[in-house]
Amino acid sequence: MRMRFRFSFFLLSCVLALHASAGTPEQLAADGDWAALLGSHLATLEKNPQDAQARLGAWRAAMRLGLFEQAAGLEAGINAREQAALEGDRIALGIRHGRIDARTLNGPERYRRLDSALASSDDLAAAFQSGLQPDAEERRRLIDRISALAARNRPADAVALYEALLAVDVEVPAWALSDVAGAYLSLRQPRQAEALYRQVLAATPENFDANLGLFYALVESEQLALAQAHIDRFAASLPERRHLDGQPNGERWSAEVASDQARLYADRITEAQRRIEQRLAVTPFNSEARSAEASLHLARGWPRRGEADLRRAIGSDPRNPGLHADRSEVLLSLQDWEQARSELARARSLDAENPRVRQADRTFELHDRRELYVDAGYGVGQNSNPYGSSDWVVDAWLYSSPLAERWRAFVHNYSASADYNGAWTNWVRTGVGAEWRSGNWRATGETNAGEAEKVGVLGTLRWQPDDHWKLYATAESLTNNIPLQAVRAGVTATRVSAGFDWQAHESRKLALVASSTDFSDGNLRHNVMATWFERWLSAPRWNFETTLGADTSRNSLGYAAAYFNPPEDRSLWLTAAVENLAWRDYDYAFRQRLALTVGNYWQSGFGNGDTEAIEYHQRWELGRAMSLRYGIGRSLRPYDGEREARNFATLILLWRF
């Protein structure tokens, strides 16, 4: 081994000695020509191996060139300070190589060098946290450790070490601040990340990673206009082709793809689609552009197309853990359970600590929880109102965790009550059932009992063959969708319904549903309703949308029934709604919505009358596990020719636990 080292170093000395005649060792050192200086000293050592000064000079030049193993083999008789510097340089080199491994390797080798480098400074870090005042070399190692911790996906440790160094007035250089900023961003502290990225860019304005990092820090702190302006400006500043070889500049391309995605983040989806389609026309096989296309299709409400995009992207970049993780989440939404879990397992095998893989892990963990869904309402009106002078309803489902992937058991309770002239009428039904979901299909079955002392059964079926069409049907032997006036008269009903939705994209949907209700008093009610939803404005903070609807019904028993039951009626209405995103912090958000409705209602025997309503809602996203929506409203509409008012409140809760 020693002979091989000496022979290798001899060959190196022969090469470097060719350049050593350019000046004296002092001149070469002053010029920073470390290769020539090393050659000069090695040439001297070949002639006189005992020359301690030349040996020390060769050691220093080799250290400058990063030839740490060769420097150690020179046995230069260095002092303790220089020996510590050699060890520090070895650790730094291990971190640099480890960062490359983390980006290019998979499996156990991916973090081997980083873990080894971190182990070399574990004792120093522990001593520092216990109060050690570090010297210059120890400060350098601690700063290098920040970089290693960030690359090892240990952002909390990286930030803790950075803040501890700041506390003792240790200045952290710009190159390390970029890693600290990334660590803050991983910890969902984008404001701190933004400040540090700006410090880095003040020192190195063309730093690609810092510019891209600043863009994401601005996005994640909801400064979307600033984020778009920054990435547009930075992308435009980059040359389209590399100066050295004239090839397309990959950094320019990556910045432009990020600029496309800035439109998606800002809900400017039409503009984003135009840009992404133009980019794909130029380079249809670029994995970054394909990934952006997948994000676009998912935002448009086309998960099947998004999944196909991710499949193609994986074909060109099969060892990208983030792509596999993204695809696993889409497959989960498409109810392809086995393939979804297989894809997640593949992502974990490539890099279980990748942030997108961790995000997918969280999605699956939420999916595997129990679910509680509650839809409740309360209303106050006149005594003559079909709803009563006061009424309330609570419709609640409690679902189990998935059973054998496709199944969930559930308990369903429906409770409704209304006050008619001081007497309350109640309708309470409790049922148990099972839900089955697989691929394009969803089916439920329920058996229930309660009021009317009669066992009821309910079945639903939904089929969604593609990203645009959804067809559904329901059959109930004892329906809850019955006026409480009918319940008060001892009337029950069976009901069947069927309908479809056609969704062009996230901003346009048409729906049609028809139902038939057979009351126990002999009345047969047929109802048809059609709606057209359109979102006209989509911006980071504001949305404006309308829903145009029409419905008609016929009742065979007409006014002979003991409940509101016109022989024929129909209505036409238009709802305009504006929604404001008041606040958002990652998975937490607060939205407000104001909706105004105007329309016309016609009832046989009583003619036409105007209808109006106003509603105000607030919606909280309380993490990914819980959402809460509540609101108040007031409606005006005619019943039997008399215009009546009703005030109401609603609440919807979804909780995964």
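Some notes on this structure:
- Within the range 475-533, considering residues that are of a type in the set (Ser, Thr, Tyr) and closer than 30 Å to ARG268 by Cβ, the one nearest to the chain's Cα centre (by Cα): SER507
- Filtered by the rule that a residue be open to solvent by less than 40 Å² (accessible area, probe 1.4 Å), among the small types (Gly, Ala, Ser) and touching a residue at least 40 places away in the same chain (Cβ under 8 Å), the range 424-466 gives SER438, GLY439.
- Of the helices (runs of 4 or more DSSP H) contained entirely in the range 70-187, those carrying at least 1 residues that are of a type in the set (Ser, Thr, Tyr) fall at 80-104, 112-120, 136-151, 155-167, 174-186.
- Verdict on ARG154 being under 34 Å from the mean Cα position of the chain (by Cα) and not aromatic (Phe, Trp, Tyr): yes
- Members of the range 120-144 that are of a type in the set (A, V, I, L, M, F, W, C) and either open to solvent by 70 Å² or more (accessible area, probe 1.4 Å) or over 19 Å from ASP179 (Cβ atoms) (or both): ALA126, ALA127, LEU132, ALA136
- Members of the range 219-238 that are of a type in the set (Gly, Ala, Ser), crowded, with 16+ Cβ neighbours inside 10 Å and over 25 Å from TYR588 (Cα atoms): ALA235
- Candidates LEU165, LEU196, LEU114, filtered to the one that is open to solvent by less than 20 Å² (accessible area, probe 1.4 Å), farther than 21 Å from GLY88 by Cβ and not aromatic (Phe, Trp, Tyr): LEU196
- The sole residue among ARG103, ARG198 that is modelled with pLDDT of 95 or more and among the basic types (Lys, Arg) is ARG198.
- The strands (runs of 3 or more DSSP E) located wholly in the range 601-657 that include 1 or more residues which are in contact with a His (Cβ under 6 Å, 6 or more places away or on another chain) occupy 626-639.
- Count of the range 511-545 residues which are open to solvent by 30 Å² or more (accessible area, probe 1.4 Å), within 13 Å of ASN565 (Cβ to Cβ) and not in a loop (DSSP other than H, G, I, E, B): 4
- Counting only residues that are open to solvent by less than 50 Å² (accessible area, probe 1.4 Å) and closer than 13 Å to GLN382 by Cα, the range 624-647 holds 6 of them.
- Subset tally (residues that are open to solvent by 50 Å² or more (accessible area, probe 1.4 Å) and in contact (Cβ under 8 Å) with a residue 12 or more places away in the chain) for the range 554-566: 5
The values are calculated or read from the model by the stated rules, or taken from the named source; none is laboratory data. The model shown is predicted, which means the values in this text are computed figures rather than measured ones. Here Cβ is always computed from backbone atoms with ideal geometry, including for glycine, and neighbour counts include all displayed protein chains. Side chains are part of the model used for accessible areas, which takes the heavy atoms of the whole protein and leaves out ligands, DNA and RNA. Shrake-Rupley method; radii C 1.70, N 1.55, O 1.52, S 1.80 Å.
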